[in-house]
1. Does the range A:7-18 contain any residue that is closer than 17 Å to residue B:64 by Cβ, surrounded by fewer than 17 Cβ atoms within 10 Å (Cβ to Cβ) and in contact with a helix residue (DSSP H, G or I) (Cβ under 9 Å, 6 or more places away or on another chain)?
2. Identify, please: which residue in the range A:45-62 is under 13 Å from residue B:61 (Cα atoms) and surrounded by fewer than 16 Cβ atoms within 10 Å (Cβ to Cβ) and is, among those, farthest from the other protein chains (Cβ to nearest Cβ)?
3. Output yes when any residue across the range B:45-61 is free of Cβ contacts under 8 Å to residues at least 12 places away in the same chain, under 21 Å from residue A:65 (Cα atoms) and surrounded by 15 or more Cβ atoms within 10 Å (Cβ to Cβ), and no when none is.
4. Yes or no: the range B:43-56 includes at least one residue that is assigned to a loop (DSSP other than H, G, I, E, B) and modelled with pLDDT of 90 or more.
5. If you go through the range B:57-96 one residue at a time, how many are assigned to a loop (DSSP other than H, G, I, E, B), away from chain A (no Cβ under 11 Å) and either at pLDDT below 95 or out of contact with any helix residue (DSSP H, G or I) (no Cβ under 6 Å at 6 or more places or on another chain) (or both)?
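The values are calculated or read from the model by the stated rules, or taken from the named source; none is laboratory data. Everything numeric in this text was worked out from a predicted model, so none of it was measured. Don't worry about glycine lacking a Cβ; one is built from the backbone with ideal geometry, like all the others, and counts go over all protein chains shown.
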């Protein structure tokens, strides 16, 4: 495991945390757990010549992961026509703890 | 005109190719995942690597995880944690009875669908003689009803 890979992984998870604010707390926590677990395995097994950016490129854009996580949900209603405005991010609870 | 051999050199960054792949994935990738689980439960990371090893099957490794979660919520798979000889416990995915039924139904339907699509796509459009009796599927002129859909 290289310092570079660990740093890139943490940056990726931070971006995922930002991108997933609109998910429900349980979906957000599950996605976080899955991706942090994946990164831990990948980083631990990375070849010496493997680049962090290649690993993260294979993983994909965090926004795409979030989009996939909501693929079974109906499209959000027109906010301007809604009587109930969307909850602020803080109402969704704190971001899951970071990897040790 | 249409080379139907797998194009391993295709460029998924091409927006048109990416869009076509995205449309094809819907409905086809989940049964592929279920098929991977027929023989035994599998560790999530191994499922993801198996899917990403085949070009074109998933958008990226990461998108396979929320797909697995969606299949669990749909009752097609169930998960359990298992101790690992190296590292933290691992989440394993296994077929439910509903998932087994779904993959069996897909296995029956897929050859028919694949053959039907191939019949259309594999036949390059070509000029038919004026006295041709039966046009090939690719050259069949759509009816007004089909066009209006």
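1. No.
2. Residue satisfying both the conditions and the ranking: A:54.
3. yes
4. Narrowing the range B:43-56 to residues assigned to a loop (DSSP other than H, G, I, E, B): B:53-56.
Right, trim to modelled with pLDDT of 90 or more and you get B:53-54.
Looking for residues that are assigned to a loop (DSSP other than H, G, I, E, B) and modelled with pLDDT of 90 or more, one finds at least one in the range B:43-56, hence yes.
5. As a first pass, look at the range B:57-96 and keep what is assigned to a loop (DSSP other than H, G, I, E, B): B:57-63, B:74-76, B:83-89, B:96.
Adding the requirement that they be away from chain A (no Cβ under 11 Å) leaves B:57, B:75-76, B:83, B:85, B:96.
Filter once more, so that each one left must be either at pLDDT below 95 or out of contact with any helix residue (DSSP H, G or I) (no Cβ under 6 Å at 6 or more places or on another chain) (or both): B:57, B:83, B:85, B:96.
Residues in the range B:57-96 being assigned to a loop (DSSP other than H, G, I, E, B), away from chain A (no Cβ under 11 Å) and either at pLDDT below 95 or out of contact with any helix residue (DSSP H, G or I) (no Cβ under 6 Å at 6 or more places or on another chain) (or both): 4 in total.
One line per residue, one yes/no per condition, for (1) assigned to a loop (DSSP other than H, G, I, E, B); (2) at pLDDT 95 or above:
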site	(1), (2)
A:1	yes, no
A:15	no, yes
A:21	yes, yes
A:39	no, no
A:48	yes, no
A:90	no, no
